[in-house]
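Let me begin by presenting the structure, written as structure tokens, before commenting on it.
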Amino acid sequence: MLKLTGIVGMASDVDLGGTLHDLAHEDRVETIVLDRRDMLRKRLRTVTDKGTDCAIALPRATTLEDGAVLLLEADRAIVIRASVETWLHLKPEDAAAALELGYHAGNLHWRVAFHGSLLAVALEGPRKDYLARLDAFLADGRITLVND
């Protein structure tokens, strides 16, 4: 197991860019794909895309970000990549439905964003679980799924 205890730099850094580019051409850049929740963690165990078992143990003041380089050696690098977030876009039928939907989402502690008249809900678990919680709203037409 490889222990990673800090961030060397960012993949976008000019100083690291050339080295990472060269290593990538030799297929020596390993990636760790993390979701939003895991990016907030300071300690976790994971595996790179090439199978390297890693234990990440970061200082409290350090935060993982997309492009964080955790290891840079002459023959390999390990870079963090953020997974793509998926969202449910919900359109309330009217103001009353919007208020009820907002209350419902708040009670469930869902992470949301507002896009005009749409409520976007970040999927941090199985999509079917979110739809099950919204079933009554969808069934009676108080909300509709948009761009789904």
For this session: Please determine, in degrees from 0 to 90 and to the nearest 10, the orientation of helix 14-25 with respect to the longest principal axis defined by the Cα atoms of the chain, where the helix direction is its Cα long axis.
Result: 90 degrees
Problem set entry | Heavy atoms of Glu26: accessible area, 1.4 Å probe, square angstrom to 10 | 110 Å²
For this session: Take Ser12, Ser83, Ser117 and sort them by solvent-accessible surface of the protein heavy atoms, 1.4 Å probe, largest at the top.
Result: Ser12, Ser117, Ser83
For this session: Just name one of Val79, Val69, Met39: the one whose Cα is farthest towards the positive end of the charge dipole of the stretch 2-82 (beta-carbon charges, Lys/Arg +1, Asp/Glu -1).
Result: Met39
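Relative contact order (percent) for the stretch 2-82, with alpha-carbon contacts under 8 angstrom and 6 or more residues of separation? Before the final figure, lay out each step's value.
Values: 155 pairs, mean separation 33.8, N = 81.
In percent, rounded to a whole number, it is 42.
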Exercise. Of Ala57, Phe114, Ala97, whose Cα points farthest to the positive end of the dipole of the stretch 45-136 (charges on the beta-carbon: +1 Lys, Arg; -1 Asp, Glu; origin at the Cα centre)?
Worked result: Ala57
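Keeping to pairs on different chains or 8 or more places apart, tell me how many lysine pairs in the chain have Cα atoms under 28 Å apart. List each step's numbers first, then the result.
Numbers: Lys3/Lys42; Lys3/Lys50; Lys42/Lys50; Lys91/Lys128.
The result is 4.
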For this session: For Val112, tell me the accessible area in Å² from a 1.4 Å probe, rounded to the nearest 10.
Result: 50 Å²
Seminar exercise, completed: Given backbone amide H placed at 1.01 Å from N, residues whose amide H is under 5 Å from that of Leu4, ignoring those fewer than 5 places away on the same chain, are Ala55, Ile56, Ala57
Exercise. With each label point set 7 Å from Cα along the Cα-Cβ vector, what nm distance links Ala132 and Arg43?
Worked result: 3.2 nm
Exercise. Among (1) 1.11; (2) 1.13; (3) 1.04, which one is Rg/Rh (Cα atoms, Kirkwood Rh) computed from these coordinates?
Worked result: (2)
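Per DSSP helix of 4 or more residues, -39500 (n - 2.57); summed, then divided by the residues of the chain. What does that give at 222 nm, rounded to the nearest 500? All intermediate terms of the calculation are to be shown ahead of the outcome.
Working: 5 runs with 41 residues, N = 148.
So the helix-based figure for the chain works out to -7500 deg cm²/dmol.
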Problem set entry | Highest average packing first - 74-80, 35-41, Cβ atoms within 10 Å | 74-80, 35-41
Problem set entry | Largest-first ordering by accessible area, 1.4 Å probe, given options Lys91, Lys42 | Lys91, Lys42
Seminar exercise, completed: So Thr86 and Thr62, fully extended at 0.36 nm per residue minus their Cα-Cα distance, gain in nm 6.1 nm
Exercise. Using Cα atoms only, what is the angle between the long axis of helix 95-107 and the major principal axis of the chain, expressed in degrees (0 to 90) to the nearest 10?
Worked result: 40 degrees
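Could you give the length gained on full extension between Thr52 and Ala113, defined as 0.36 nm per residue of separation minus the Cα-Cα distance, in nm? Spell out each step's value before the answer.
Numbers: separation 61, 0.36 × 61 = 21.96 nm, distance 3.58 nm.
Residue separation times 0.36 nm, minus the Cα-Cα distance, leaves 18.4 nm.
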Problem set entry | Accessible area (Å², per residue) of the chain, counting only protein heavy atoms and a probe of 1.4 Å | 60 Å²
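What does the charge dipole of the chain about its Cα centre add up to, to the nearest 20 debye, if the Cβ of each Lys and Arg holds +1 and the Cβ of each Asp and Glu holds -1? Could you put the intermediate results ahead of the total?
On the way: 18 positive and 23 negative charges, 122 e Å.
Here the chain has a charge dipole of around 580 debye.
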Problem set entry | Residue-count net charge about Leu72 - beta-carbon cut-off 13 Å; Lys, Arg +1, Asp, Glu -1 | -4
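Carbon and sulfur: what percent of the chain's accessible surface (1.4 Å probe)? Show your work: numbers first, answer last.
Values: 4620 of 8870 Å².
Summing carbon and sulfur atoms, their accessible area is 52 percent of the total for the chain.
Which FRET efficiency, nearest 0.05, do Arg28 and Ala96 yield, Cβ-Cβ r, R0 41 Å?
On the way: r = 58 Å, r/R0 = 1.41.
Computed FRET efficiency for Arg28 and Ala96 comes out at 0.10.
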For this session: Could you work out the relative contact order of the chain, using alpha carbon pairs under 8 angstrom and six or more residues apart, expressed as a whole percent?
Result: 23 percent
For this session: With a 1.4 Å probe and all protein chains in place, put Thr19, Thr31 in order of accessible area, largest first.
Result: Thr19, Thr31
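The values are calculated or read from the model by the stated rules, or taken from the named source; none is laboratory data. These numbers were taken from a predicted model, which means no experiment stands behind them. No Cβ is skipped: glycine too gets one built from the backbone with ideal geometry, and neighbour counts run over all protein chains shown. To get the accessible areas, we keep the full protein, side chains included, count just its heavy atoms, and leave off ligands, DNA and RNA. Shrake-Rupley method; radii C 1.70, N 1.55, O 1.52, S 1.80 Å.
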